């Protein structure tokens, strides 16, 4: 089986909390990301590389994806760009937060043209929807929008597809790419996950449940952000061709499906058993907890860890970089690589979970440190 390495990482320029933490600056104290959110804009250098007709169908999520992926690709390539033969086996995976977007278009058509129609009959009139809706609006709603732009911008023709697993989305991208690369079905992979906890739907849901941290007192609670994170993965054979620097080796990835809204100790324990069986146990792992600030989830996660890996050190990065739902697992990987308190050679385990979709873990061995400061996380 092929070995798989992380060679590039990136986050979008608008993810202020993550940048502040990674650069060793004090992160904004407010958990209300709307108070300090930066409006996303496509940088001029990137805009010049995107065709005019493609810029017309960009969304905020896609722009963030282009920025994060560009940082990751630049880090991976350095002064040695990927050759064309590698790009032909370079796969792309993205997450998609919702399947409601296209249905919003259908709902608008129904209200305006056929208020009494039922769902079955509506789908027989899709041709009329196309006639009454601007094509660009339809393109912006497609779950493949980000995937299309990333593949075209970097010339990657190795296939790929979007995945939807709620907050577990970023972790499932790693799982999908890992097994494709391990089986030599591809030579490299670009992963890009986005999450918007500042959308009205997500933000208000967490506010009504009382899960947001207090704006003035800080401390416990969820710190919502809208952010995107990206990783570049290469196989050992691809690394031999490119000569790129490996930041970490991915040694294990597994998800466990569950329809439960909250991941319980039993699900975590099953993952930990599989992880311990696959690892050599040569060192004490550092576990980046999912811990998004919700007390019930944290308690179950820590209880399971004390049973399955009581010797592990823990980190809770979301207190520094904020919680971005679908992008969180990739953001935790990036945070661990920037964390100067985790020495090269240490094993790192990143945990993730999603409401009604299950939980998962990524295990990697850190081979380089990107820290600009002595410590990133508490």
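The values are calculated or read from the model by the stated rules, or taken from the named source; none is laboratory data. This one's a predicted model, so the numbers in the text were calculated from it and none came from an experiment. Note that each Cβ is placed from the backbone with ideal geometry, even for glycine, and that neighbours are counted across all protein chains shown.
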Note on residue 200: of the conditions (1) modelled with pLDDT under 95; (2) touching a helix residue (DSSP H, G or I) at 6+ places or on another chain (Cβ under 8 Å); (3) farther than 16 Å from residue 330 by Cβ, unmet is (2)
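Yes/no per residue for (1) closer than 18 Å to residue 177 by Cβ; (2) modelled with pLDDT of 90 or more; (3) surrounded by fewer than 21 Cβ atoms within 10 Å (Cβ to Cβ); (4) touching a helix residue (DSSP H, G or I) at 6+ places or on another chain (Cβ under 7 Å):
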site: 243; (1), (2), (3), (4): no, yes, yes, no
site: 252; (1), (2), (3), (4): yes, yes, yes, yes
site: 259; (1), (2), (3), (4): no, no, yes, no
site: 271; (1), (2), (3), (4): no, yes, no, no
site: 291; (1), (2), (3), (4): no, yes, no, yes
site: 322; (1), (2), (3), (4): no, no, no, yes
site: 328; (1), (2), (3), (4): yes, yes, no, yes
Every listed condition ((1) more than 13 Å from residue 353 (Cβ to Cβ); (2) surrounded by fewer than 21 Cβ atoms within 10 Å (Cβ to Cβ); (3) out of contact with any helix residue (DSSP H, G or I) (no Cβ under 8 Å at 6 or more places or on another chain)) holds for residue 296 save (1)
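With respect to residue 351, determine if the residue is surrounded by fewer than 24 Cβ atoms within 10 Å (Cβ to Cβ) and not in a loop (DSSP other than H, G, I, E, B).
For residue 351, the condition - surrounded by fewer than 24 Cβ atoms within 10 Å (Cβ to Cβ) and not in a loop (DSSP other than H, G, I, E, B) - is not met.
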ask   = Hey, does segment 362-374 have a residue that's assigned to a helix (DSSP H, G or I), touching a strand residue (DSSP E or B) at 6+ places or on another chain (Cβ under 6 Å) and either over 22 Å from residue 11 (Cβ atoms) or outside the structural domain of residue 166 (by TED's automatic domain parsing) (or both)?
value = no
(1) more than 19 Å from residue 149 (Cβ to Cβ); (2) under 35 Å from the mean Cα position of the chain (by Cα); (3) modelled with pLDDT of 80 or more all hold for residue 118 apart from (2)
Per the filter on segment 161-183, residues touching a helix residue (DSSP H, G or I) at 6+ places or on another chain (Cβ under 8 Å) and either modelled with pLDDT of 90 or more or outside any helix (DSSP H, G or I) (or both) are 161, 162, 163, 165, 170, 171, 173, 174
Given the conditions (1) at pLDDT 80 or above; (2) surrounded by fewer than 20 Cβ atoms within 10 Å (Cβ to Cβ); (3) part of a helix (DSSP H, G or I), every one holds for residue 76 apart from (2)
Checking 156, 191 in turn, the sole residue that is part of a loop (DSSP other than H, G, I, E, B) and in contact with a strand residue (DSSP E or B) (Cβ under 7 Å, 6 or more places away or on another chain) turns out to be 156
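For (1) crowded, with 18+ Cβ neighbours inside 10 Å; (2) more than 30 Å from residue 338 (Cα to Cα); (3) under 22 Å from the mean Cα position of the chain (by Cα), each residue gets a yes or a no:
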{"position": "65", "(1), (2), (3)": "yes, no, yes"}
{"position": "80", "(1), (2), (3)": "no, no, no"}
{"position": "84", "(1), (2), (3)": "no, yes, no"}
{"position": "95", "(1), (2), (3)": "yes, no, yes"}
{"position": "125", "(1), (2), (3)": "no, yes, no"}
